[in-house]
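A short worksheet on the structure shown next.
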Amino acid sequence: EIVLDHRKVGAAHPVYLIAEIGSNHCRDKAVVRKMIDTAAEAGFDAVKFQTYEPLEVFSGKITNKELKIDHMYGHRLWWEVARDYILMPREWFGEMFSYARERHLQVFSTVHSVKDAEFLMQYDPPVFKVASIDVSYLDFLKGLAAFNKPIILSTGMHILGEIEAAVEAIIGAGNRQLALLHCVSNYPPQPETVNLRNIVMLQQAFELPVGYSDHHPENFMDVAAVALGACIIEKHITLDRALKGPDHPFALDPPA
């Protein structure tokens with residue numbers, strides 16, 4: 001098990017439910033607050049944001065057209081769109097962390113660098129999330145482990161040996177507060193590609209808490225994941241799937 005600010009997460013405990021706000025905030029504080037309210041009312045345990053520097057995470061040459069979202073933002077460089085539309089302004093983090101805690105939710109963020117983690121430490125997050133794209137970034141994982149915060153690591157796009165190297169990097173740096181998430185890095189994934197039995201495989205391989213990071217707009221994959229032993233479910237949420245942005249169409253939305 002891992003302990004997230006006195007909340008135990010693992011096979012012997014209730015499933016820990018993460019509502020990922022991510023890029024679905026629409027750069028509107030009222031929307032962020034409403035999403036936090038919706039997550040609290042739906043029974044989630046935590047909300048999650050994203051923290052990164054666009055030019056450190058994305059190539060400076062990739063355009064929206066290559067990502068097939070030029071119909072949303074015009075033909076522009078992807079990192080500029082991420083900066084101007086996708087990322088929640090860092091000046092909002094203090095306010096939104098406080099508001100989420102007022103709604104009795106834990107709140108944290110995905111980070112992509114030690115610098116990101118240093119920024120977030122002023123808000124004392126209970127855990128750091130590592131995205132699938134950073135599983136092979138071992139120097140980053142070792143640096144993140146040094147903060148002595150629990151880490152939730154998504155594993156999409158990586159083979160078992162690469163996941164093993166990531167686990168060894170974190171534990172070898174002295175941090176055993178680690179959980180893994182099975183993840184399929186398609187948005188959304190087709191049901192036949194989800195391979196939920198990887199949850200069992202990861203449990204057996206590493207003897208760590210294992211959950212599922214789901215990019216499907218429905219719930220049935222999550223129910224099946226829990227039946228297979230997932231103790232964490234991470235789910236994108238939105239207020240309306242018709243809103244402008246790349247992650248709204250596959251996010252979980254409130255009942256009509």
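The values are calculated or read from the model by the stated rules, or taken from the named source; none is laboratory data. Treat the numbers as computed from the prediction; the structure is a model and nothing was measured. Backbone-built Cβ (ideal geometry, glycine too); neighbour counts: all protein chains shown. Side chains are part of the model used for accessible areas, which takes the heavy atoms of the whole protein and leaves out ligands, DNA and RNA. Shrake-Rupley method; radii C 1.70, N 1.55, O 1.52, S 1.80 Å.
Roughly how many Å² is the accessible area per residue of the range 106-195, as a whole number, for a 1.4 Å probe?
On the way: 3620 Å² over 90 residues.
Value returned for the range 106-195: 40 Å² of accessible area per residue.
State the percentage of accessible surface on the range 1-158 attributable to carbon and sulfur atoms; use a 1.4 Å probe and exclude ligands, DNA and RNA.
Numbers: 3590 of 7020 Å².
The nonpolar share, carbon plus sulfur, comes to 51 percent.
At most 12 other Cβ atoms within 10 Å plus a DSSP loop assignment makes a site exposed; report the longest stretch of the chain without any exposed GluC sites (Glu not before Pro). Can you show the working numbers first?
Values: sites that count: Glu207, Glu218.
Maximal segment without exposed cleavage sites: 1-206.
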Partners for Lys65 among lysines (Cα-Cα distance below 24 Å; same-chain residues under 8 apart left out):
Lys244
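What fraction, in whole percent, of alpha-carbon pairs in the range 93-231 exceed 26 Å separation? List each step's numbers first, then the result.
Details: 2498 of 9591 pairs.
Beyond 26 Å sits 26 percent of the P(r) for the range 93-231.
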Across bins of 5 angstrom width beginning at 0, how are the C-alpha pair distances of the range 39-106 distributed, in whole percent?
4, 15, 20, 15, 13, 12, 13, 7, 0
Residue ranges of DSSP H helices in the chain that stretch 15 Å or more (Cα, own long axis) and have mean Kyte-Doolittle hydropathy of at least 1.0 are 160-172
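How compact is the chain by the rule of thumb for globular proteins, expressed as Cα Rg over 2.2 N^0.38 Å?
On the way: Rg = 17.2 Å, N = 256, 2.2 N^0.38 = 18.1 Å.
In units of the 2.2 N^0.38 Å rule of thumb, it is 0.95.
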